[in-house]
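Take a look at the structure set out below.
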Amino acid sequence: MDTARNGAELLLSWFPGSDANEAAAADRARGYLADALVDRIVSAGAGKPAQTRLWDRMAEDRLTVQARCTTITAIPETARTIAVDLTCEQSATELGRTPLEEISRTVRAIVTADGQQIRVTAVSMSPSEFDGEA
């Protein structure tokens, strides 16, 4: 469950002042995400349109977005995979200031054990997407 929480926090934390786009967060989260998931996020041009619009707005205002996630449930799917539901709070701040905006979202991360590695292999950002991959 730590893999899911840590991966989601890194994936949802953005630094528009230094990041070229939202996909830079996927590169930072590589230690927790499967390579195929990172490649999908990066090649998709930084994710879903709603997320991209939010990132663009934060970048325009030069805000930093930090995410903190809490595990709600963990449901075994197969002998090697677990679906982990998280509540993630994204806080947008200017440097050294208090949060300006907070966004709460539910995230489902599919965590898969593959040999010695445990990685997030799929991420969904809303309940309507929980049956499919990000």
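The values are calculated or read from the model by the stated rules, or taken from the named source; none is laboratory data. All figures in this text were calculated on a predicted structure; none of them were measured in a lab. No Cβ is skipped: glycine too gets one built from the backbone with ideal geometry, and neighbour counts run over all protein chains shown. Just so you know, the surface numbers come from the protein's heavy atoms only, side chains and all, with ligands and any DNA or RNA stripped out. Shrake-Rupley method; radii C 1.70, N 1.55, O 1.52, S 1.80 Å.
Tabulated values for the structure
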| read-out | value |
| --- | --- |
| Qualifying residue in segment 43-58 (condition: modelled with pLDDT of 90 or more and within 14 Å of the chain's Cα centre (by Cα)) | no |
| Pairs, first without any contact (Cβ under 8 Å) to a residue 60 or more places away in the chain in segment 1-16, second of a type in the set (D, E, K, R) and part of a helix (DSSP H, G or I), C-beta under 7 Å, six or more apart | LEU10/ARG28 |
| Residues within segment 1-21 that are in contact with a strand residue (DSSP E or B) (Cβ under 6 Å, 6 or more places away or on another chain) and not in a helix (DSSP H, G or I), tallied | 5 |
| Candidate set: segment 22-45, residues that are of a type in the set (Asp, Glu) and assigned to a helix (DSSP H, G or I); chosen: the one farthest from LEU63 (Cα to Cα) | ASP35 |
| Single residue of segment 1-17 satisfying the filter (open to solvent by less than 60 Å² (accessible area, probe 1.4 Å) and over 13 Å from the mean Cα position of the chain (by Cα)) that is modelled with the highest pLDDT | PRO16 |
| Cβ-Cβ under 7 Å pairs, at least 6 apart or on other chains, segment 60-76 side closer than 10 Å to GLU89 by Cα, far side assigned to a helix (DSSP H, G or I) and open to solvent by 50 Å² or more (accessible area, probe 1.4 Å) | CYS69/ARG5 |
| Which numbered condition ALA20 fails, given (1) in contact with a Leu (Cβ under 8 Å, 6 or more places away or on another chain); (2) modelled with pLDDT under 90; (3) exposed (fewer than 13 other Cβ atoms within 10 Å of the Cβ); (4) of a type in the set (A, V, I, L, M) | (1) |
| Qualifying position, being open to solvent by 40 Å² or more (accessible area, probe 1.4 Å) and either hydroxyl-bearing (Ser, Thr, Tyr) or modelled with pLDDT under 90 (or both), among GLU101, GLU77 | GLU101 |
